[in-house]
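Step one of this worksheet: look at the structure below.
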Amino acid sequence: MTLFDQVKDRLDLAFDPSDLETKYQFERDRRVRTDTDRQFIDIAETKEHEDKYHHDDPHMPVQHREAEAVELDFLIVGGGWVGMVAAARLKQSGYSNIRILDGAGDFGGVWYWNRYPGAQCDIQSYIYLPLLEETGYMPKERYSHAPEIFAYAQRLGRHFDLYDVARFHTWVSEMRWEENDSRWVVTTSRGDIYRSKYALVGTGSASRARLPDIPGLEDFTGETFHTSRWNYDFTGGGPSGGLQKLEDKRVAVIGTGASAVQVIPHIAASAKRTYVFQRTPSVIGERSNAPTDPDWFSSLKPGWQDALRQEFERALEGEPVTSPALQTEGFLEMSRNANKVISTVDPDGIVEDTLEEATVLADHMTMERLRSRVDHLVKSKERAEVLKPWYSYLCKRPTFHDEYLQAFNRPTVSLIDVADSKGVERITETGIVANGVEHDVDGIVFASGFEITSDFEKRMGIPIFGEEGKSLYEHWGAGMRTLHGIMSNGFPNLFIIGGLFTNTISPNYCTPIDGQVRHVVHLVDQLEERGALSAQPSEAAERDFMALQIDNATAASMRFGGTPETCTPGYYNQEGKALADRRDSRLETYPLGGEHYWKLLKKWRDAGNLAGLEVITEE
Ligand code: NDP
């Protein structure tokens, strides 16, 4: 008897798992393209695209400054969370001769650039915003909106005196290890030359926009922009909406991922006509935001943020939660369902496979409920069908919104399903062609995402050369090669944090960042104490860590990103590439989960012998 047969009556399950699997396969096949991740334009290929979608800053004019040539102890690339937390913790540890470089005009990383109406963080602010205990800041809401997050980044900058060491509107052109005197030489778009003992790259996972390579894109004569470079001159209004300049305009949105879900309700509320071009619908859970309860917040004891972050991580792996903040957390719906399934069966009958089967059932239960939510909120039955996601819960980043689905009840909003043509067909001088019909529009918003899982060089956008002039990307080849996801052989004194290697399958990007930064600061302290000139993982240590990642890649850890059978294409699965053709994503994560990873790093630090590192000292 299958687990489903055991629990279906007790849990009142009205679906048939094999029907769902067939439907998922059908929906996947409708969308998968032979050109997989080559369907997107590499914006670095033309200066015009690179400027418009990456370098140009719509938020702040670039101020003149003199180029500098400076010797440093620590150079940090990126002024988002990684760079800020690293600089803050390095300063706490007594390092002051540092620089933080960022192409933006201020701190904040994605929260500097992404100012589109409705932008909000889908992770609870209490576990997302870094260093809350150190700053004593109480987030206004459970899920913060972008302006508050950006302001908090600025607060962090002031709190830790980071503005003095930051150079904004500064793009790194190249990083090169100079073996003769063990320094990273870093050049920039502003003519700077930095020579630094240590370098840390924290350029984030969603920092380079990507555009679908739609025929005719260059012919369009109206306005176009990407969600991460919002054009308020065109739309009017601000981050909380009120886009009054759209009242006489027809606007197209290409994409229905996490950014589109937040922005579409605002466009729909203002524009004369809104055309949403949807290839794959997102999963839309309830947002249920709420103001922070000051009594609860002031009752939190020292160490609360780490504790809450760990509780969230454990809950994702199925452990029960005790904190009130996490009781109804949307990201935990699947874990709650898995626990429901497990608690329904006889404990003596639970074998290893039961947990895997329970996860699959929990996935179906979650998706069925979320599909029924679409029926509940969307008046037109036909539209509701188009808006239903038919895939496993973790095939795409789940989203949460309380007004998105209702936007499709407005008579001014058209939903255009482009799944059968595997994307928008064509762009003309005046509009967009889909399913053979041309829709004239005044502007196109590209909510088409970022280079998150594409080729390493494309994602990071910075040439990095280590010993003997070897490129980091050449070294990594078809999969990251690291010790602990942080350092690579042949690239001494270089730390890479966040973005690429998130080490746990956590939707909270900030938990691994802070843990890895603390690890790096400890390591640098140790190297300095030993009078080290440089350190890098040995080839063997790198190989052993990779073997650990590969050997332990369980079905559950590979579930994220999806199996070819159940997942529609997306950046989690390299746009639906067959497993054999994918870069080895097993090397971009730590398969045994966060708890295990933190214990591994702690054990390594406690041993105190810098195991696996080749350290060169001064004598
Ligand atoms: P995504 O990559 O998630 O979405 C891109 C969208 O563009 C998809 O809907 C995709 O469709 C669509 N698309 C691409 N090419 C075409 C085409 N040729 N024709 C039609 N549609 C097309 O990008 P987002 O910016 O939405 O989100 C990126 C990530 O940023 C999120 O997953 C999340 O991690 C993060 N984010 C986080 C937020 C937060 O709250 N913390 C908020 C916003 C973003 P298809 O799915 O079919 O490929």
> Which of the residues spanning region 563-572 are within 15 Å of the ligand (Cβ to nearest atom) and either at pLDDT below 65 or among the hydrophobic types (A, V, I, L, M, F, W, C) (or both)?
Replying inline: Cys567
> Of all the residues that make up region 224-254, how many are surrounded by fewer than 22 Cβ atoms within 10 Å (Cβ to Cβ) and either part of a strand (DSSP E or B) or within 15 Å of the ligand (Cβ to nearest atom) (or both)?
Replying inline: 7
> Among the residues of region 421-437, how many are more than 9 Å from the ligand (Cβ to nearest atom) and touching a helix residue (DSSP H, G or I) at 6+ places or on another chain (Cβ under 7 Å)?
Replying inline: 3
> For Ala315, are the conditions met, namely being assigned to a helix (DSSP H, G or I) and at pLDDT below 95?
Replying inline: yes
> Does region 424-449 hold any residues that are within 27 Å of Tyr572 (Cβ to Cβ) and touching a strand residue (DSSP E or B) at 6+ places or on another chain (Cβ under 6 Å), and which are they?
Replying inline: Val424, Glu425, Ile432, Ala434, Ile444, Val445, Phe446, Ala447, Ser448
>> If I ask for residues that are in contact (Cβ under 8 Å) with a residue 60 or more places away in the chain and surrounded by 17 or more Cβ atoms within 10 Å (Cβ to Cβ), which ones from region 147-166 would you list?
In response: Ala153, Leu156, Gly157, Phe160, Leu162, Val165, Ala166
> Do the conditions hold for Tyr194, that is, is it surrounded by 21 or more Cβ atoms within 10 Å (Cβ to Cβ) and not β-branched (Val, Ile, Thr)?
Replying inline: yes
> Is there a residue in region 177-194 that is charged (D, E, K, R) and within 16 Å of the ligand (Cβ to nearest atom)?
Replying inline: no
> What is the residue count in region 151-181 for residues that are charged (D, E, K, R), part of a strand (DSSP E or B) and in contact with a helix residue (DSSP H, G or I) (Cβ under 7 Å, 6 or more places away or on another chain)?
Replying inline: 0
> Of Pro512, Pro463, Pro492, which residue is within 21 Å of Glu178 (Cα to Cα) and either surrounded by 21 or more Cβ atoms within 10 Å (Cβ to Cβ) or of a type in the set (Val, Ile, Thr) (or both)?
Replying inline: Pro492
> Which of the residues that make up region 41-75 are of a type in the set (A, V, I, L, M, F, W, C), within 25 Å of the chain's Cα centre (by Cα) and modelled with pLDDT of 95 or more?
Replying inline: Met60, Leu75
> Looking at Gly108, Gly94, which one is outside any helix (DSSP H, G or I) and either closer than 20 Å to Gly498 by Cα or in contact with a strand residue (DSSP E or B) (Cβ under 7 Å, 6 or more places away or on another chain) (or both)?
Replying inline: Gly108
> Would it be correct to say that Ser414 is of a type in the set (Ser, Thr, Tyr), more than 10 Å from the ligand (Cβ to nearest atom) and surrounded by 22 or more Cβ atoms within 10 Å (Cβ to Cβ)?
Replying inline: no
>> I'm told His169 meets every condition in (1) under 26 Å from Pro61 (Cβ atoms); (2) touching a residue at least 40 places away in the same chain (Cβ under 8 Å); (3) surrounded by fewer than 16 Cβ atoms within 10 Å (Cβ to Cβ) except one. Can you identify the failing condition by its number?
In response: (3)
> Which ones in region 380-403 are within 12 Å of the ligand (Cβ to nearest atom) and under 12 Å from Ile284 (Cβ atoms)?
Replying inline: Pro389, Lys396, Arg397, Pro398, Thr399, Phe400, His401
> Can you pull out the residues in region 422-443 that are over 15 Å from Leu217 (Cβ atoms) and buried (at least 16 other Cβ atoms within 10 Å of the Cβ)?
Replying inline: Lys422, His439, Asp442
>> Conditions first: (1) among the small types (Gly, Ala, Ser); (2) touching a strand residue (DSSP E or B) at 6+ places or on another chain (Cβ under 8 Å); (3) surrounded by 20 or more Cβ atoms within 10 Å (Cβ to Cβ); (4) within 28 Å of Leu75 (Cβ to Cβ). Ser189 passes all but one, so which condition is the exception?
In response: (3)
>> Given the criteria farther than 30 Å from Ala532 by Cβ and either within 10 Å of the ligand (Cβ to nearest atom) or within 27 Å of the chain's Cα centre (by Cα) (or both), does Ala199 qualify?
In response: no
> So which residues in region 369-388 are surrounded by fewer than 14 Cβ atoms within 10 Å (Cβ to Cβ) and under 26 Å from the mean Cα position of the chain (by Cα)?
Replying inline: Arg369
> Restricting the first residue to region 249-260 and requiring it to be more than 10 Å from Gln278 (Cα to Cα) and β-branched (Val, Ile, Thr), which pairs with a second residue that is at pLDDT 95 or above and surrounded by 24 or more Cβ atoms within 10 Å (Cβ to Cβ) meet a Cβ separation below 6 Å and a spacing of at least six or different chains?
Replying inline: Val251/Ile267; Val251/Ala271; Val251/Thr274
> Here are Glu575, Glu595: which of them is modelled with pLDDT under 95, over 23 Å from Glu356 (Cα atoms) and either part of a helix (DSSP H, G or I) or within 16 Å of the ligand (Cβ to nearest atom) (or both)?
Replying inline: Glu575
>> Condition check: in contact (Cβ under 8 Å) with a residue 60 or more places away in the chain, within 16 Å of the ligand (Cβ to nearest atom) and of a type in the set (Phe, Trp, Tyr). Does Phe465 satisfy that?
In response: no
> Are any residues in region 205-223 away from the ligand (no atom under 12 Å from the Cβ) and farther than 22 Å from Asp35 by Cβ, and if so, which ones?
Replying inline: Thr221, Gly222, Glu223
>> Just the residues that are buried (at least 22 other Cβ atoms within 10 Å of the Cβ), more than 11 Å from the ligand (Cβ to nearest atom) and either acidic (Asp, Glu) or in a strand (DSSP E or B) (or both), please, taken from region 260-283.
In response: Thr274, Tyr275
> Is it true that Ile127 is within 16 Å of the ligand (Cβ to nearest atom), in a helix (DSSP H, G or I), touching a Cys at 6+ places or on another chain (Cβ under 9 Å) and at pLDDT 95 or above?
Replying inline: yes
> Which members of region 284-305 meet the condition of being within 16 Å of the ligand (Cβ to nearest atom) and closer than 30 Å to Gly136 by Cβ?
Replying inline: Arg287, Ser288, Asn289
>> Whether any residue in region 438-453 is free of Cβ contacts under 8 Å to residues at least 12 places away in the same chain, farther than 20 Å from Arg583 by Cβ and more than 14 Å from the ligand (Cβ to nearest atom) is what I want to check.
In response: yes
> Out of the residues in region 314-343 that are surrounded by fewer than 16 Cβ atoms within 10 Å (Cβ to Cβ) and among the polar types (S, T, N, Q), which is farthest from the chain's Cα centre (by Cα)?
Replying inline: Ser343
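The values are calculated or read from the model by the stated rules, or taken from the named source; none is laboratory data. In this text the structure is predicted, and so the values were computed from the model without any measurement. Neighbour counts run over all protein chains shown; Cβ positions are idealised from the backbone, glycine included.
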